[in-house]
Amino acid sequence: MCIRDRLYVVEGSPSPTGASADHRLPIRSSAIEGFARAVAAGVGVAAEGGVDHEWVAPLAKDLKRAGARALVLAGETQPPAVHALAHAINEALGAVGTTVVYTEPGETAGDLSLGELVEEMKAGTVEVLVVTGANPVYAAPADLEFAEALEKVPLRIHHGLSLDETAVQCQWHLPAAHPLESWSDARAIDGTVTLVQPLIAPLYGGLPTHELVAAFVEDSEPKGYEILRGHWREVLGDDDEFETQWSRALHDGVVAGTAFPEKAVAVTPGEWTRSAGHGASGLEIVFRTDPGVYDGRFANLGWLQELPRPLTKLTWDNAALMSPKTAEKLGGFRIEETGAGHVTEVVELRYQGRTVKAPVWILPGHPDDAVTVHLGLGRTRAGRVGDGVGFDAYALRTSDAPWFGGGLEVERTGETAPLAC
């Protein structure tokens, strides 16, 4: 008997996965929880607050028919309740332990959130702040006002590959070694550790992260290789077998026996079973990382700026994406094709008291009553290639709505802008 896979995708912003689906339902991001509750109830989960939709019954029927061979995934931009519902559906279908395997989570850096750190900075209790591998002046939620809080820290040290937006607000900038110049280790999603070996010696005297931390906590100045090897000597045991295990790990690329053990879990009732509402009011704004430059860290790479974005085919820019119906509701927008590209109208996006200007791009298949903006552009200290490309959507993003929220206002400006499609 031939069994054919079937892919259903319910999404709040168009994606390559949705474009490849057998069945795709574009709905607002805030409406996905109500839909998930209805599907969960359809397969026997005690979830309240489901919103009926013509998709629910056939989808639930397909899931129950597939049973343990089915898999429900929740997008990373969805709230915890949707993830809990996805876990509950997988358990109800019998997929846990077969299709779905749980392990212990990896180690975390600590319990102090970025918001709590900012409050301490504003209160003047942070005397020294070292920022490594991050650019919070650019990417932190706008409502935290990280840049203003940073000015209250007496000693500010930045460690990174470039003089970015955060670096220029610090007294010290320590050039970082590139990952291809550094010894390190990393964990895969299943916990397996891989040893990261440099391909070249640092070209410009950059400082690897391990050596930076060691400089603060140790009297000596060990090199990255010594730090890494010393750590794994403690983990694997300082005996005659260590050299063999170390050489084998370098050869194989992974440290044997480091995968997390499987863990038996069960869904327990909680707040996730009760609905907190049925979607945001008014026009919805949706935030997504840019498919080319991600969160902005790759903005100075020309070939990624030149890369046509999936579905829109836009390059060297981001735009306010909306459906044809939404554009019509807002009065209709004019996009003219020219010999050099396209010319579109510019709008002002207003959200929670903050505004940015963005060119409009009408995208069929986009959910109605929602606007998607991509993060990672609008940089001011990316470098020669990345500076001034696109608009900064981080200026609208807040800590209470990191991925979507209601209440967006769109105002015409009378201006136009060219887009390369």
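Quick notes
- Failed item in (1) aliphatic (A, V, I, L, M); (2) outside any helix (DSSP H, G or I); (3) in contact (Cβ under 8 Å) with a residue 40 or more places away in the chain, with Val168 passing the rest: (2)
- Exclusive hit being open to solvent by 80 Å² or more (accessible area, probe 1.4 Å) and outside any helix (DSSP H, G or I), set Leu180, Leu174, Leu163: Leu163
- The single condition from (1) in contact with a strand residue (DSSP E or B) (Cβ under 7 Å, 6 or more places away or on another chain); (2) open to solvent by less than 50 Å² (accessible area, probe 1.4 Å); (3) at pLDDT below 95 that Leu150 fails is (3).
- The residue that is farthest from the chain's Cα centre (by Cα), counting only those in the stretch 179-226 that are within 18 Å of Thr132 (Cα to Cα) and of a type in the set (Val, Ile, Thr), is Val217.
- In this structure, Thr132 qualifies as β-branched (Val, Ile, Thr), within 23 Å of Asp295 (Cα to Cα) and open to solvent by 30 Å² or more (accessible area, probe 1.4 Å).
- The one condition in (1) modelled with pLDDT under 95; (2) surrounded by 14 or more Cβ atoms within 10 Å (Cβ to Cβ) that Tyr138 fails to fulfil: (1)
- All positions within the stretch 238-264 that are assigned to a loop (DSSP other than H, G, I, E, B), open to solvent by 70 Å² or more (accessible area, probe 1.4 Å) and in contact (Cβ under 8 Å) with a residue 12 or more places away in the chain: Pro261, Lys263, Ala264
- Subset of the stretch 188-203 (residues that are assigned to a loop (DSSP other than H, G, I, E, B), within 23 Å of His158 (Cβ to Cβ) and at pLDDT 90 or above): Pro198, Leu203
- Residue match in the stretch 288-304 (condition: modelled with pLDDT of 95 or more, assigned to a helix (DSSP H, G or I) and either closer than 25 Å to Phe35 by Cα or open to solvent by less than 70 Å² (accessible area, probe 1.4 Å) (or both)): yes
- From the list Ala395, Ala358, Ala327, the one residue that fits, being buried (at least 17 other Cβ atoms within 10 Å of the Cβ), out of contact with any His (no Cβ under 9 Å at 6 or more places or on another chain) and not in a strand (DSSP E or B), is Ala327.
- Residue that is under 30 Å from Arg28 (Cα atoms) and either assigned to a loop (DSSP other than H, G, I, E, B) or open to solvent by 70 Å² or more (accessible area, probe 1.4 Å) (or both), where the choices are Val267, Val235, Val213: Val267
- A single entry from Ala177, Ala215, Ala188, Ala201 fulfils the requirement of being aliphatic (A, V, I, L, M) and under 23 Å from Ala299 (Cβ atoms): Ala177.
- Unique match (being in contact with a Ser or Thr (Cβ under 6 Å, 6 or more places away or on another chain), part of a helix (DSSP H, G or I) and not basic (Lys, Arg)) among Ala31, Ala68: Ala68
Table: residues versus (1) over 16 Å from Met322 (Cβ atoms); (2) without any contact (Cβ under 8 Å) to a residue 40 or more places away in the chain; (3) open to solvent by 20 Å² or more (accessible area, probe 1.4 Å).
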residue: Gly12; (1), (2), (3): no, no, no
residue: Ile27; (1), (2), (3): no, no, yes
residue: Glu33; (1), (2), (3): yes, no, yes
residue: Gly42; (1), (2), (3): yes, yes, yes
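- Which listed residue, of Thr273, Thr380, is among the β-branched types (Val, Ile, Thr), in contact (Cβ under 8 Å) with a residue 12 or more places away in the chain and surrounded by fewer than 16 Cβ atoms within 10 Å (Cβ to Cβ): Thr380
- Test: residue in the stretch 75-92 that is touching a residue at least 12 places away in the same chain (Cβ under 8 Å), open to solvent by 40 Å² or more (accessible area, probe 1.4 Å), in contact with a Gly (Cβ under 8 Å, 6 or more places away or on another chain) and over 30 Å from Ser323 (Cα atoms): yes
- Of the numbered criteria (1) over 24 Å from Ile362 (Cα atoms); (2) outside any helix (DSSP H, G or I); (3) not charged (D, E, K, R), the one Ala21 fails is (1).
- Close pairs from the stretch 136-159: first more than 19 Å from Thr380 (Cα to Cα), partner surrounded by 19 or more Cβ atoms within 10 Å (Cβ to Cβ) and charged (D, E, K, R), Cβ under 9 Å, at least 6 apart: Asp143/Arg397
- Candidates Ala249, Ala214, filtered to the one that is modelled with pLDDT of 90 or more, among the small types (Gly, Ala, Ser) and in contact with a strand residue (DSSP E or B) (Cβ under 8 Å, 6 or more places away or on another chain): Ala249
The values are calculated or read from the model by the stated rules, or taken from the named source; none is laboratory data. The structure displayed is predicted, hence computed values, not measured ones. Counting neighbours? That spans all protein chains shown, and the Cβs are built from the backbone with ideal geometry, glycine included. What goes into the accessible areas is simple: the full protein's heavy atoms, side chains included, and nothing from ligands, DNA or RNA. Shrake-Rupley method; radii C 1.70, N 1.55, O 1.52, S 1.80 Å.
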